[in-house]
Every structure is written in C-alpha cells, then in structure tokens.
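Before any comments, here is the structure.
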Amino acid sequence: MTLQALLVSTDDHAAEVLGRVLPPFGIALDRCSDLETTRTRIQQQKFAALIVDFDDPEGAADVLERAKKLGTEPLSIALVADATKVRDILTGGTHFVLYKPLSEEAAKAGLRPAAALLSRERRRAFRVPVQAPVEITLPDSRKVDGILLDLSETGMEVLTAEPLERAALLAFHFELPDRTLEIEARGEVAWANSNGQTGVRFLDLAEPFSAKLKTWLQAAATIVGSEASEAVPHCKLTDLSLGGCYVETNAPFPERALIDLCLKTEALEVHTEGMVRVAHPGHGMGVEFPSRTAEQRAQVGNLINVLRQGPSTMPELIISPRALIADLKQFEPADKAVADSAEELEDALLELLRRGRTLQQDAFLSELWQQRNPEEASV
C-alpha cells in the first residue's frame, strides 16, 4: 500500500528532488503551491506526511495547526533555509527538518527515519477494506446506523448519514462479514469530514476481542511490495552514560520518539530502548534511557558492558523506531529516591540531554565537547 505525502511549497527544485526520493520508500508525492488549496486538500484527504516549506513561516505554521486540529496526525517535515530557525521549528512540534537547497543525498538520509516510522505505524494499524453495517451510539444516547469502510487493530473508518463531532466519545457494535467475530466497544472520533466519513479510535477493546481481531486482520490483509528498512544506517555512538547517549547520524529520529538501540557483534545482540530528547537534523540525536524499573537499568548496564569489551569486538550500532511518541512515565524512576540520588544528579550528559531543546545546536555541541574534553575546556 502506497502512502500519500503532501508537499506545500513553491520551490520547484525541492519538488523535483522529493518526487525522485519518496517513491522508493513507498510514498507518493502530491503538491500544493498555495495555502487556500492546501487547506481544502487536508480537509478532504488524509495524508501520511505533510512536507511544508518554511520560507513562509506563518503559512507553514497555519497548515500544520489545521492538520493537527483535524486529528489526522500526519508526520510533519519542514523545509528550512535558515538554520537558526530550526530549534524553534522543532520545539513547535515539527517532527523532521530538511535543509534547503535540497540535495538528493540529504533528502534520502533525512527521510529514511520518517519512512521507517511510517512503515512501522502502517503495519501496526494496517487497514483492511471492510463492508459491513455498524451501529453507533452517540453521547446523547441516539443510535446512528453506518457503514464500516475499513478496519485496523487500533480503529476503523465509517460512513454515517450525519457528520460526527471530532473528539466525541461513542459506543459501537458490528459483526465481521464472515460472522466469525462480533465486537461491541467504545471509541473516540479521531477525525471527521462533513460528508459523514469518520475515523474512530478504539478505547476499550477487550483483550480476547483484540487478539481475535488481530488474527482476522492478518489473514485478511495482503501487503504487496517490500517495506522500507526501519534501521537507520551509519550511526556512531560518541557519548554514553547510565542515563543516556549521543549518536552521530545524518538521519536522526524526531524528538520524543521511542527508539530501539541494538549493539550487535558476531556473538551477541544487546537491546535497550530510548527516547530522543534532542535532535539535530543532519548531525545526530541525544537519547535518554528509561530508568523506571530495575530491568530497564540492567539493559543499559548490559549495553555499556558490551562496549567495555574493547575495540577488538567493536559492535555495530543499529537504531530503529518503536513509536512516534514515547511514554514519559517510563523515563521517570518508580522509586523517587532513585530520581533524587546523587548518581542521577551527577550525570552531566543526561542533564545536558534534558536541556537540549532549549539550546541552539552549536551551543549544545559546544557543551558536549567540553564534557568529552574537560582538561582542554578548563584551559
């Protein structure tokens, strides 16, 4: 299944480059050059990604804000000519940044993690076309008949005779076409069009039904074509502590993303999860390790032990996405005494990572260099 991305830009060169780079990732590119047409398009069609040119910062911000209010939650990618604006753009919630003028090599590198995230989300929420009646109970207890259009593990798309309100809570009931499973649960309207087409996110689908639905979807879905590789190549671990690390890569994942870090040798693999605290487009990312449980802290310890084995067994670092937004609770120790311990307070790298979003890239990298070279920095 090909995903759709919308480019909002008057830059013909950028459009040509993206038109060549995106299709191999399984992403088709559409383009709008004016804001009025863009506003209409994002209301009528759901896009997996919005690529917005920040040569017009107010227009770009307007497009992204409108998409957010619609609840379609596309991946957002900014085209930026002024590097000094990048920190504000990322802090504002944009997921990725590509620098202008856009080169094909830089576009491939910068879009690889975006494609990996989209690929993972597509598999998790792959939608199977379904034609079946569905009964919806609205917040005011009225019942509305609808048609089930497609179905995934996390939600469904329906068509009703009257438009539904975004964020409305509702109950629903339907039976799969082959009558193998009947589902009754609650959901939330994630997005809605004026013609009655509505996306519903499941809220309390019981585990037995969830497992049976997943099995049914896997049997019903036929995914044609190869998926984009989720792993980001050419990663170099430059800084490491018990609390986090810094990785040099020309393809960083977005801030707040949950990722998997794998150190791999011929003899073993060691994994630990992490949350991207700060991203520097085209350069690298700072990653905080989870510390809520003893098991999570042990995973980090195992990773450090692998690195201590010496250059003769230097492992390969492989980074792949787990989710676009990490659960912040997993990065807070369950035992508050641990959070207040001297060990964590003295983790200078972790402290820098947590401040990273408030610093320009040059300032962050300067502090990082001083941590690596304390003797030279004090001269």
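The values are calculated or read from the model by the stated rules, or taken from the named source; none is laboratory data. Quantities reported herein were computed from a predicted structural model and do not represent experimental measurements. So basically every Cβ, Gly included, is an ideal-geometry build from the backbone, and we count neighbours across all protein chains shown. SASA here: full protein model, heavy atoms, side chains in, ligands and nucleic acids out. Shrake-Rupley method; radii C 1.70, N 1.55, O 1.52, S 1.80 Å.
Tell me the net charge near Leu138. Cut-off is 15 Å between Cβ atoms, Leu138 excluded, with +1 for each Lys or Arg and -1 for each Asp or Glu.
Values: positive: Arg142, Lys143, Arg166, Arg186; negative: Glu135, Asp140, Asp145, Glu162, Glu165, Glu188.
Cβ neighbours under 15 Å give a net charge of -2.
Given a 1.4 Å probe, how much area per residue of the chain is accessible, in Å²?
Values: 19010 Å² over 379 residues.
Normalised by residue count, the accessible surface of the chain is 50 Å².
With a 1.4 Å probe and all protein chains left in place, how much of the accessible area of the chain comes from carbon and sulfur atoms, in whole percent?
Working: 9630 of 19010 Å².
The C+S portion of the solvent-accessible surface of the chain is 51 percent.
Would you mind telling me which residue in Leu29, Leu359, Leu181 has the biggest mean-square fluctuation in a Gaussian network model of the chain, where springs connect alpha carbons within a distance under 10 angstrom?
Leu181
Relative contact order for segment 111-219: what percent, with Cα pairs under 8 Å and sequence separation of 6 or more? Please report the intermediate quantities before stating the final value.
Details: 219 pairs, mean separation 24.0, N = 109.
Relative contact order for segment 111-219 comes out at 22 percent.
Taking the chain as the reference, fit the longest principal axis to its C-alpha atoms, fit the long axis of helix 104-124 to the helix C-alpha atoms, and give the angle between the two in degrees, 0 to 90, nearest 10.
In the chain, helix 104-124 runs at an angle near 50 degrees to the longest axis.
Determine how large the accessible area of Asp88 is when every protein chain is in place; take a 1.4 Å probe and give Å² rounded to the nearest 10.
110 Å²
Could you tell me what percent of the DSSP beta bridges with both partners in the chain are antiparallel, to the nearest 5? List each step's numbers first, then the result.
Details: 63 of 82 bridges.
Expressed as a percentage, antiparallel bridges in the chain total about 75.
Net charge near Ala279: determine it from the other residues with C-beta under 11 Å of the C-beta of Ala279, scoring Lys and Arg +1 and Asp and Glu -1. Mind showing how you got there, number by number?
Values: positive: Arg87, Arg256, Arg277, Arg357; negative: Glu255.
Result for the local shell: +3.
Round to the nearest 10 and give me the degree value, 0 to 90, for the angle of helix 35-44's Cα axis relative to the longest principal axis of the chain.
Long axis of 35-44 versus the principal axis of the chain: about 60 degrees.
Mind putting a number on the dipole of the chain about its Cα centre? Charges go on the C-beta only, +1 for Lys and Arg and -1 for Asp and Glu, and I need it in Debye to the nearest 20.
Details: 40 positive and 58 negative charges, 120 e Å.
Roughly 580 debye, rounded to the nearest 20.
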